[in-house]
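Taking it in order: structure first as structure tokens, then the write-up.
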2 protein chains.
Amino acid sequence: MKRIFSLTILVILFCASASAQQALWGGAQITSPEVNSDKTVTFRFQAPDAKEVKLTGDWMPSEGWVPGSELMIKDDKGVWSFTTKPLESDLYGYAFLVDGLRSTDPNNPFLIRDVASVTNVFIVGGGKGDLYSVNDVLHGSVIRRWYDSPSLKKQRRITIYTPPGYESSTDNYPVLYLLHGAGGDEEAWINLGRLSQIMDNLIAQGKAKPMIVVLPNGNVSQSAAPGEGLRGFYKPQFMVPNTMDGNYEASFPDIMKFVESNYRVKTDNANRAIAGLSMGGFHSLHISRYYPNTFDYVGLFSAAILPNQDVSHEVYNDIDGSLEKQMENGYKLYWIGMGKTDFLYKSGEEYRSKLDNMGMKYNYVETDGGHTWTNWRVYLSQFAPMLFK
Amino acid sequence: MKRIFSLTILVILFCASASAQQALWGGAQITSPEVNSDKTVTFRFQAPDAKEVKLTGDWMPSEGWVPGSELMIKDDKGVWSFTTKPLESDLYGYAFLVDGLRSTDPNNPFLIRDVASVTNVFIVGGGKGDLYSVNDVLHGSVIRRWYDSPSLKKQRRITIYTPPGYESSTDNYPVLYLLHGAGGDEEAWINLGRLSQIMDNLIAQGKAKPMIVVLPNGNVSQSAAPGEGLRGFYKPQFMVPNTMDGNYEASFPDIMKFVESNYRVKTDNANRAIAGLSMGGFHSLHISRYYPNTFDYVGLFSAAILPNQDVSHEVYNDIDGSLEKQMENGYKLYWIGMGKTDFLYKSGEEYRSKLDNMGMKYNYVETDGGHTWTNWRVYLSQFAPMLFK
């Protein structure tokens, strides 16, 4: 039989294409970032005509709101490079500053969006970064689907993690509702939070019980994450309107009803948890006391605490009374995590003092650092193993 | 009750942060791209100190392998801009060339990875671009999960689209296996192909039957898409080894067995389709004849046709004989799509001539353009409505 098509031709043609693009775009076959065996990390960026290239990364100390940066050094081929000191095992984000302009790394196709910014990422293993990596363990499933929210009168998108074995089992599972912060959406815990990797790994290590994790969208004015809804592609803002005005808390039963009628979940208090970061911590605080006999496990990660004085909604009436009721009804864990340099530290401290005065018990974990995903991944890794035991 | 936390403080602090970042990174609050009402599109990029900024987009005619580009014009605030002529409704990719360096658009957080390149995207509506957009219709679900492949001795990741209503129904559904090209993976049809939007819209319009679409990973050496598997984050190559050596076709029953035992799918030939682009067209050609009484619907989108002469595998023995058998067994649709300027045009022409000589019937659609996702989205939009009728 005549050989019509040869694979070789395909390869040659595509190499020619890649080569032409390199010539035009200045992208040599260089590796960046390169995580070295001693946990230093080398970054490379080809820009023969640039006058100055800096590296900025979220592990560098910032001065106030200005992120830290390091000068890179150019070699005789026009490739700028910089090697860090050994970095602690974690997931990191970085960018280049090319003659003052922020640039993504053309040699690293892995980026994560946070609100309207897109940042390259990498993982340094050998510690907690391993928990954020895909390992050779059984994997759960991640489902993006839409549910009907009668309270908000719209279809809304939701992301759901089911643990390994869920599909082939007939058991009912406990459920964690895990909420994002301001500027986030139903994608945040998956992309920035490495939720499915953390859960797969904790479950494989026997540290966390197999559970379903529900990641709703906490912005009542949105049907879905930016780019995934009716507005199409648009530049998202940090503060979505109407996120902390009571309507999310009031509509939360729509989400629970959807989950409980579509997934094999246990529906008693002892098998329901709610937690969230920043605005999601605010939502978790108020949902857990507004529906006081619902969640035996509550997690407040760097939480915003009380509503703005201008907000009036029945959800926020008699906060003290409903906390008292929550305390009387009993629960198994009220977990609070906060970074030492978080700008919400003081309001968190005052809230804990309030709980102390009421005699309402909680677990408190204080970490270095501030209002960051670095901390929220750690809080999840500590919180999830304490659930449903 | 004392108001500990005020939302206003949160907003002020984050605005301060955003402002500091802008000062450092030069990112003003500008909109780019802006799709204007006359379907022209305006791009903006702030770079006061750049000497030359160009826009390159996949709608521009290329010269050989060099993509077209247009000079942008700088205003007195250092913002470079360019407005296109009216563009046909479609999904487009673009980048900036800043003093010769390729740059993503810092004002557009929507990017799609293709092999190792990440490109900003936008949609011009009012035509076929509407089919690639999220519209106010019922939405299917997209599931990322892992299955066991005994033939390949590993867990592998797979993406599955289930149509609106699947979860609440008890019906069995027809199934389309839709395969990616070289350099792609189980994410390609979702991200570059806009599979879930196209299917949601075609089903809502009554043009396509509700069906399950299975998106496997066609690279037998990979467990998952780059970044989603055990190798972690790495820079992917265009040609993954061992992609067209017979092992994928030979292991394909693992995928079908997983789907048929985990989803409510019809299991007769009349309710099974297989299609793919480029290398995935090659896989579809060979799978559909190697298992000749399995698929009543076959789609070859810009397909690579025959194996490299150096490849020896029983899958590729007696190609003519198995095609004869496929023809004798009968099928409902053998659909071939090819772009006029595709570098695989000639091999496709020779394959059609071979089918003509055998008397093997097929439908043929020829489009403008070449080996592009622009064409593959069109082919899917034409092929899916012809299935299972």
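The values are calculated or read from the model by the stated rules, or taken from the named source; none is laboratory data. This is a predicted model, so every value here is computed, not measured. Cβ atoms come from the backbone with ideal geometry, glycine included; neighbour counts cover every protein chain shown.
Here are some notes:
- Whichever residue in segment A:332-389 is among the acidic types (Asp, Glu) and touching a residue at least 40 places away in the same chain (Cβ under 8 Å) and, among such residues, is farthest from the other protein chains (Cβ to nearest Cβ): A:342
- Restricting segment B:107-133 to residues that are touching a Gly at 6+ places or on another chain (Cβ under 6 Å) and not polar (S, T, N, Q), the residue that is nearest to the other protein chains (Cβ to nearest Cβ): B:110
- With a requirement of 2 or more residues that are in contact with a strand residue (DSSP E or B) (Cβ under 7 Å, 6 or more places away or on another chain) and either within 22 Å of residue B:189 (Cβ to Cβ) or in the same structural domain as residue B:368 (by TED's automatic domain parsing) (or both), the strands (runs of 3 or more DSSP E) lying completely within segment B:67-120 that satisfy it span B:90-98, B:111-114.
- Filter result for residue B:91 (touching a helix residue (DSSP H, G or I) at 6+ places or on another chain (Cβ under 8 Å), under 26 Å from residue B:130 (Cβ atoms), among the aliphatic types (A, V, I, L, M) and in contact (Cβ under 8 Å) with a residue 24 or more places away in the chain): yes
- Across segment A:308-345, the qualifying residues are those that are of a type in the set (Val, Ile, Thr) and in a helix (DSSP H, G or I), and the one among them that is farthest from residue A:177 (Cα to Cα) is A:319.
- Of residues in segment B:367-383 being surrounded by fewer than 19 Cβ atoms within 10 Å (Cβ to Cβ) and not charged (D, E, K, R), the one farthest from residue B:339 (Cα to Cα): B:382
Residue by residue, here is whether (1) in the same structural domain as residue B:298 (by TED's automatic domain parsing); (2) within 21 Å of the chain's Cα centre (by Cα); (3) surrounded by fewer than 15 Cβ atoms within 10 Å (Cβ to Cβ); (4) not in a strand (DSSP E or B) holds:
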site: B:136; (1), (2), (3), (4): no, no, yes, yes
site: B:148; (1), (2), (3), (4): yes, no, yes, no
site: B:155; (1), (2), (3), (4): yes, no, no, no
site: B:161; (1), (2), (3), (4): yes, yes, no, no
site: B:169; (1), (2), (3), (4): yes, no, yes, yes
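- Residue A:131 being without any contact (Cβ under 8 Å) to a residue 12 or more places away in the chain and not assigned by TED's automatic domain parsing to the domain that holds residue A:382: no
- Checklist (1) assigned to a loop (DSSP other than H, G, I, E, B); (2) of a type outside the set (Phe, Trp, Tyr); (3) within 13 Å of another protein chain (Cβ to nearest Cβ) applied to residue B:261, failing item: (1)
- Residue in segment A:350-365 that is nearest to residue A:304 (Cα to Cα), counting only those that are of a type outside the set (A, V, I, L, M, F, W, C) and surrounded by 13 or more Cβ atoms within 10 Å (Cβ to Cβ): A:351
- Scanning segment A:195-222 for residues that are touching a Gly at 6+ places or on another chain (Cβ under 7 Å), crowded, with 21+ Cβ neighbours inside 10 Å and either more than 9 Å from chain B (Cβ to nearest Cβ) or not in a helix (DSSP H, G or I) (or both) gives A:199, A:200, A:218, A:222.
- If you check B:305, B:255 for being assigned to a helix (DSSP H, G or I), surrounded by fewer than 24 Cβ atoms within 10 Å (Cβ to Cβ), in the same structural domain as residue B:361 (by TED's automatic domain parsing) and among the β-branched types (Val, Ile, Thr), only one passes: B:255.
- If only residues of segment A:258-302 that are of a type in the set (Gly, Ala, Ser), surrounded by fewer than 24 Cβ atoms within 10 Å (Cβ to Cβ) and touching a residue at least 40 places away in the same chain (Cβ under 8 Å) are counted, the one that is farthest from residue B:168 (Cα to Cα) is A:278.
- Test for residue B:86: is it under 24 Å from residue A:232 (Cα atoms), within 12 Å of chain A (Cβ to nearest Cβ) and touching a Lys or Arg at 6+ places or on another chain (Cβ under 6 Å): no
- Being within 14 Å of chain A (Cβ to nearest Cβ), surrounded by fewer than 17 Cβ atoms within 10 Å (Cβ to Cβ) and either out of contact with any strand residue (DSSP E or B) (no Cβ under 7 Å at 6 or more places or on another chain) or within 30 Å of residue A:42 (Cα to Cα) (or both) is a description that applies to residue B:241.
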